[in-house]
Structure formats: structure tokens, C-alpha cells
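Here, each number is a calculation from the coordinates, and none is a lab measurement. Nothing here was measured: the structure is a model prediction, and the numbers come from that model. Cβ placement follows ideal geometry from the backbone for every residue including glycine, while neighbour counts extend to all protein chains displayed.
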Amino acid sequence: MNDVIIIGKGPAGLSASLYTSRAGLKTLIIGQDSSLKKAHKIDNYFGFAKSIDGQSLLEQGESQAEGLGVEIVTEEVISLQKNEFFKVRTNNTEYISKAILIASGNPPKTPGIAGSEKFEGNGIHYCATCDGFFYKDKKIGILGNKDYAVHEGLELLNYTSTITIYTNGRSLELSDKYCEEVKNFNINNKYIESVEGKGFVEELILKDGLKEQIDGIFVAEGTASCVDFARKLGILTNDNTISIDKDQKTNIEGIYAAGDCTGGIKQISTAVGEGAIAGKKIIEYVKNKEEIIWM
């Protein structure tokens, strides 16, 4: 059992972990490489008179956190569930925690296919849990080529068995766990030219001119994003970011958010500051809960 799981190992998550670990909370960070790793030069961050690249800054942050006892694992988070405690499922295993900090950034996640924008909410969806019910016994597609696409497909099997994963010209990139599960679905590797329909999605036009009749498309590109987690748990969002209060709390007790996923200024200093606030508030939350319930 972890006291806190931090989803995302960028500046916000690492910053929060420094506070939670020093306070004696068992802290686990789960995530994949932060987009900051690609930054060639950072020259506006406090304390660094000379430029530093993103990878070096992150390595120093991880080393600092691990030195305080934080466990960091490089895994893809697939889903987040809440029962008595929180369950975080990755492509490898499951973890349990008393509190959660979502600090996974907010990468753009759109289909990037001609005609798709006008069908959002009318055949193009981003949450299997939220909208799968409306496609009972219908023909649906999942856009994606990684574990997250297969995970969403498995959830959609509760409503229909006619599911195709469209990779849009890419090869499947699956972990061992999902290589077997993907056999539940049809796979189409062709490029998609456009989405067509009269007010609602009706067909996909593929690059070779072929047409695929379809009732709905669920976008599961790349990995699950902060907003994906929010939608499934009923966390309030605004303009594709997670809504928080002054203490970085969401509307779900025990779940906090920090960094780019909350909107605002996308700067390292902002993420570090929000992470610090979240870390302090998580300490209060966990210790208060221990006194009331877990003792």
C-alpha cells in the first residue's frame, strides 16, 4: 500500500514527491518520459546561471527524489479507479494508494484526420467509460496503436463485439500483456484520409479509396492523458484541463492535480510550485485520514 501515487514524472510530480517523502509518506511515481526531456536548452529557471538541457534537469530531479526514498517506475498508466482506496493500473501491474496526484502533463490528443472536428460528440469520442453505452451492438472503431487503445477496446467489449482498431498507417506497439488481448479485435493498418457522415459519423475514407462503414470512433492515441483519467472518475474539467482549487484539489476527495494538466502558464517554475502545494496538502490529507479511519 502506498500513501500517495504520483502519475507523471515531470517537474510537478517530482517536486511534490520531495515533500511527501520527507514527511514520511510512502511515495511512488509512475510515468513515462516527460516532454521536458526534449528541451535542448533551459535558461530561465531559477538557480541555474548557465543553461541546462531538459534531460539533465529531470535526471537531477529524479536523483534528488530517489535519495529521499521515492520509488520511480517507468510504466504506462492505463487506468485509475476509486473504491476504498485508489487503484492505478499500468501496462505491467496494479498499485494501490491512499491519495493520488495527477501530474502527467496535457499533451494534445486529437485525431488529426480531415473532417473529424465537426463530429466530436457526434460519433467521435474520447472516453469508453463515458460513451460506450451508446454503441450497444454497433460497429465502432478505436484510433490508436498502443496499449491504451487495446485497454479501451476491452472496455468497449461490454457493449459490442464489432470493434476495429485503426492504427492509421502505424504498426502496433504493444507490451507483452496486450499482445494476446489484441486478438479480440480486427486490426486495420491503412492510412485514414477523412471521416464522413451527415451530421453523425457514418464512414471512414481510407487512403486507397476504400470506405469503411462505422457508427462511432473512440480516440485512444498514445497513452492515457490527465483528462482521460478525469472523465472516467467524474473529475471536473475545463477546456481540456483539470479543474482544481487553491490547494490543487480536484472535486474528488483524495485526488490532486498539478502542472500543465491544470492549465495556466506552462513553465517549469509554475509546475514546481504547484507540485509543492499539492505535496503539502496531500500530507495533510493522508495524515488526517489515518487519524480518522486508518488507525
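Each residue of the stretch 64-75 in turn: what ³J(HN,Hα) in whole Hz from Karplus with 6.51, -1.76, 1.60 and θ = phi - 60°, glycine and Pro shown as x?
Taking θ as phi minus 60°, the curve returns 5, 5, 5, x, 9, x, 6, 8, 10, 10, 9, 9 Hz for the stretch 64-75.
Say each of residue 238 and residue 74 gets a label point 7 Å from the Cα, pointing the same way as Cα to Cβ; how far apart are those two points in nm?
Label-label distance for residue 238 and residue 74, simple model: 3.7 nm.
Pop out the ³J(HN,Hα) list for the stretch 247-256 in order, Karplus 6.51 cos²θ - 1.76 cosθ + 1.60 with θ = phi - 60°, rounded to Hz; leave Gly and Pro as x.
Residue by residue, the stretch 247-256 yields 9, 6, 7, 8, 7, 9, 4, x, 10, 10 Hz.
The stretch 199-262 to the stretch 158-173: how many Å between their Cα centroids?
The two parts, judged by their Cα centres, are 18 Å apart.
Could you give the distance between the Cα centres of the stretch 59-115 and the stretch 21-38, to the whole Å?
So the two Cα centres are separated by 8 Å.
For a quick check of your reading of the filter: which trypsin sites (Lys or Arg not before Pro) in the stretch 105-160 sit in a DSSP loop and have no more than 11 other Cβ atoms within 10 Å?
136
Cysteines of the chain lacking any other cysteine beta carbon under 4.7 Å?
Isolated Cys, the chain: 179.
Working out 0.36 nm times the residue gap between residue 253 and residue 83, then minus their Cα-Cα distance, what length gain in nm do you get to one decimal?
Between residue 253 and residue 83, full extension yields 60.0 nm more.
Sort out the exposed loop GluC sites (Glu not before Pro) in the chain (DSSP loop, at most 14 other Cβ within 10 Å) and tell me the longest stretch that has none.
Here the longest segment lacking exposed loop sites spans 85-252.
Could you tell me which chymotrypsin sites (Phe, Trp or Tyr not before Pro) in the stretch 192-295 are loop residues by DSSP with no more than 13 other beta carbons within 10 angstrom of their beta carbon?
Qualifying residues, ordered by number: 200.
Counting other Cβ atoms within 10 Å of each Cβ, which trypsin sites (Lys or Arg not before Pro) in the stretch 14-51 have at most 16 and sit in a DSSP loop?
41, 50
So how do 127, 179, 226 line up by other beta-carbon neighbours within 10 Å, fewest first?
179, 127, 226
How far apart, in nanometres, would the label points at residue 134 and residue 35 be if each is projected 7 angstrom from Cα along the Cα-to-Cβ direction?
Output for this residue pair reads 2.7 nm.
If you place +1 on the Cβ of every Lys and Arg, -1 on the Cβ of every Asp and Glu, and leave all else neutral, what size is the dipole of the stretch 117-219 about its Cα centre, to the nearest 20 Debye?
For the stretch 117-219, the charge dipole is close to 160 debye.
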